[in-house]
1. Once the dipole of the chain is set up with Lys and Arg at +1 and Asp and Glu at -1 on Cβ about the Cα centre, which of A103, Y138, M44 lies farthest towards its positive end?
2. Accessible surface of S276 in the full protein assembly, 1.4 angstrom probe, to the nearest 10 Å²?
3. Rank G232, G114, G267 by mean-square fluctuation in a GNM of the chain with C-alpha springs under 10 angstrom and give only the top-ranked residue.
4. Between L250 and T118, what is the FRET efficiency for a Förster distance of 56 Å, r being their Cβ-Cβ separation, to the nearest 0.05?
5. Let me confirm the definition first: pairs of Lys residues in the chain, 8 or more apart or on different chains, C-alpha distance under 14 Å. How many are there?
6. Need one value: the accessible area of Y179 in square angstrom, 1.4 angstrom probe, rounded to the nearest 10.
7. Contact order normalised by length for region 207-326, with contacts defined as Cα pairs under 8 Å and 6 or more residues apart; what percent is it?
8. Of A31, L74, A237, which is farthest towards the positive pole of the chain's charge dipole, taken about the Cα centre with +1 and -1 on the beta-carbons of Lys, Arg and Asp, Glu respectively?
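The values are calculated or read from the model by the stated rules, or taken from the named source; none is laboratory data. Note that this is a predicted model, so its numbers are computed, not measured. Please note: Cβ atoms are built from the backbone with ideal geometry, for glycine as well, and neighbour counts cover all protein chains shown. The protein model used for the area step is the full one, side chains on, heavy atoms only, and it has no ligands, DNA or RNA in it. Shrake-Rupley method; radii C 1.70, N 1.55, O 1.52, S 1.80 Å.
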Amino acid sequence: DDEDSNAGEESELAPFLSRCNEFEVSNLLFAYAMAKRFDKDVFMLLTDQMLEESVVESCTPSSASRAMWSSAMLLSLSGDSANVMHNNEQTYSKASEETFLRARQVDFFHQLGGLLLTSQLRPADVSCAMWSMAKAAYVLDKGIFDHLAALMASKDMMEKTNTRLVAQALWSCAKIEEYDESFLDVHQYDESIKDDAMIKRMGCVDRYLSYLIAHREKLTATQISQTVLSVGRLRIADPFIHDQLADTALRSKHSMNAREIANVVWGFSKVLYPDSSIIVELINEVTTTSKQNECTSQEASNMLYSLGRLQIRDTVAFVSLNAIMM
């Protein structure tokens, strides 16, 4: 019955989409993403229409950003689908499905990405486009990402933005560099061979961090987690930033969930944050409250790793985290 229903929905959707413009198709993608509803065939129909030549030619940068964000969000949900799927009377493994969808996403981003090479974007458009490229591990057109990063860091943009968008942009920079290990190696160990793009990218990161530190009282639990995680990924060696974020995290620990605390602890471990009492207090917020019930084995493992990396010998924390993993 579900298959018949889906088939009916698709047969009705196709002729309807053929009459839709770029704004309408991008909004439909956005609606599916916000509803966290992923259906491969519907996704293909929507992206097919978005890539029609007439649609791409009339597409605005804002609609391109919305469509890319929605695509990345939807495909991040595709892992929750069934391990096998049926299409055209063939059975595809999950790996094959993901490879197929990945190829579509790369083409989708390649076709729409060029539309973002403009300064006529809102902060939300820029930050969401950066997030989509980082989330999708799209590194084929790094020039586009770097353009967006620089635009987001501009004075005019910083005057119009908010902590959510800046924390998201920072997370995106850190994530995109995770796919390019040479950047971190160069940034950390050899100052003489950095190229201009790497220097400019880190300049953007510095401006994002300055903004977030200046507005740290407005940071939500999620934004604190994103920021410290990014600082760790990028190995930002600035004790002032570390101390400001540690103080902010400590004051917000009650509003954080287990995953957010684990990310914060992991981020601090990557920069070898020296104040062990803060690390232990954050971990205790998980192990001594109801948050231990939501803590996954992976999160407990990350916190154990952090204790080891920071050489913190706290028996109570170790035993509590080990119990969660069992």
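1. So the residue we want is Y138.
2. 50 Å²
3. With Cα springs under 10 Å in the chain, the top fluctuation among G232, G114, G267 is at G114.
4. Efficiency, from the Cβ-Cβ distance: 0.85.
5. 5
6. Roughly 90 Å² of Y179 is accessible to a 1.4 Å probe.
7. 26 percent.
8. After comparing all options, I get A237.
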